Amino acid sequence: MPDKRHEASARPVQGRIGFVGLGRMGTAMAANLAAAGREVIAYVRHQSRMDTLASIGLKPTTDVTDLFGCEIVISMLPDDDAVLDAAFGRTDPGVEGFAVGLRRGAIHLSMSTIGTGAATHLATEHARQGQGYVAAPVFGNPDAAKTRQLFIVTAGGLVDVERCRPLMEDLGQKTFMVGTNPAHANLIKLLGNMMTATTLEMLAETVALVRKRGLDPKLFVEILTTTMFGGRAHRIYGEKIVAQSYAAGFALPLALKDVRLTLAEAEAASVPLPSVGVVRDRLLTGIARGYATLDWTALGLIAAEEAGIKADRP
């Protein structure tokens, strides 16, 4: 007999799109889907968000059952537990997840940065219920989300990924398909974040030294980013560290969450990541000093303080 779920997945996306996780990133992404002509059902838990979300073209709801008829439900949530709770619910407060009523053949498109274990569990449970699961974590901040400049790394069943591809094209500038195992997309995302984090730490340390020697940090970063270090991370974050711009795009606790997930992956594979361990300690230092609401560019502030440079605390 033909695979009914396969046939359903092969059809173009025409129905409603659910969206769970309407923070700064999620709201920008959901708004782009609505602007592209999609009917987006935005699930929130607080009635106070309803008017704001409706004003940008979404159809907000506080009733999770409104997601049950969606073809695809997108999640953009902060961590493993939040995604698992949204999909499968919690028994303690009696919160119901959307997967319990999501129809067979529907797809959960998870765009959150989560661990590989959580991704594997999500894929297994959705498959058990006849549903698809696609991992599609993104590289980019809320500003990039608003302008559809995200880079998306995706993995999952080939037909399910193709079903989701039009939505990903509405959200980002490029999508990288990395295979059929959703966990692989999340591992790549975590490792990318670690490369950015260690770049930030190195920028923070060198800029602190430049400042302490009385040199112009702006000129230093300009020289480096127009010669040997012209990548996006060096240019974007170098300028922010020099400008002491610490407004949260990716707050320190979220960065620490990704660091811990990556170190757990490394330990499981017996691969030392000493530079990531340094970043973990710096992030903990910043949080202990009351910087939990700041962006991970605050690694520059922490490095300056460690070097004895007086800085105005945000």
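Miscellaneous remarks
- Counting only alpha carbon atoms, the long axis of helix 232-242 and the longest principal axis of the chain meet at about 50°.
- Just checking the listed ones, ALA204, ALA268, ALA54: in the Gaussian network model of the chain with Cα springs under 10 Å, the one fluctuating most is ALA268.
- Cβ-based net charge around THR61, under 12 Å, with every Lys or Arg adding one and every Asp or Glu removing one: +2
- Positive minus negative residues near TYR237 (Lys, Arg vs Asp, Glu; Cβ under 12 Å): 0
- In terms of other Cβ atoms within 10 Å, GLU71, GLU205 run from fewest to most in the order GLU205, GLU71.
- Dipole magnitude of the stretch 187-306, debye to nearest 20 (Cβ charges: Lys/Arg +1, Asp/Glu -1, about Cα centre): 160 debye
- Net charge dipole, the chain: roughly 460 debye, given to the nearest 20, about the Cα centre with Cβ charges of +1 for Lys and Arg and -1 for Asp and Glu.
- Look at where the Cα atoms of the stretch 278-304 and of the stretch 232-250 average out, and the two centres are 13 Å apart.
- Using the Cβ-Cβ distance between HIS46 and THR293 with R0 = 22 Å, the FRET efficiency computed as 1/(1 + (r/R0)^6) comes to roughly 0.65.
- Structure remark: mean-square fluctuation, Gaussian network model of the chain, C-alpha springs under 10 Å; the largest value among ARG90, ARG260, ARG232 belongs to ARG232.
- For the chain: rounded, prolate or oblate by the Cα gyration tensor [a/c cutoff 1.5]: prolate
- Unit charges at the beta carbon, dipole of the stretch 19-168: most positive-side option, THR120, ILE41, PRO166: PRO166
- Helix 274-288 axis, angle to the chain major axis (alpha carbon atoms, nearest 10°): 90 degrees
- Spin-label pair LEU191/LEU224, simplified geometry with 7 Å Cα→Cβ offset, distance in nm: 2.4 nm
- Each part reduced to its alpha carbon centroid, the stretch 186-220 and the stretch 58-76 end up 40 Å apart.
- Nearest-ten-degree value, helix 182-212 long axis tilted from longest Cα axis of the chain: 20 degrees
- A simple count of charges around ARG282, restricted to other residues whose Cβ falls under 12 Å of its Cβ and scoring Lys, Arg +1 and Asp, Glu -1, yields -3.
Quick note: the coordinates plus some simple rules give every number you see, no bench work behind them. Computed from a prediction, not measured in an experiment: that's the story for all the values here. FYI the Cβ positions are ideal-geometry reconstructions off the backbone, even for glycines, and counts take in every protein chain you see.
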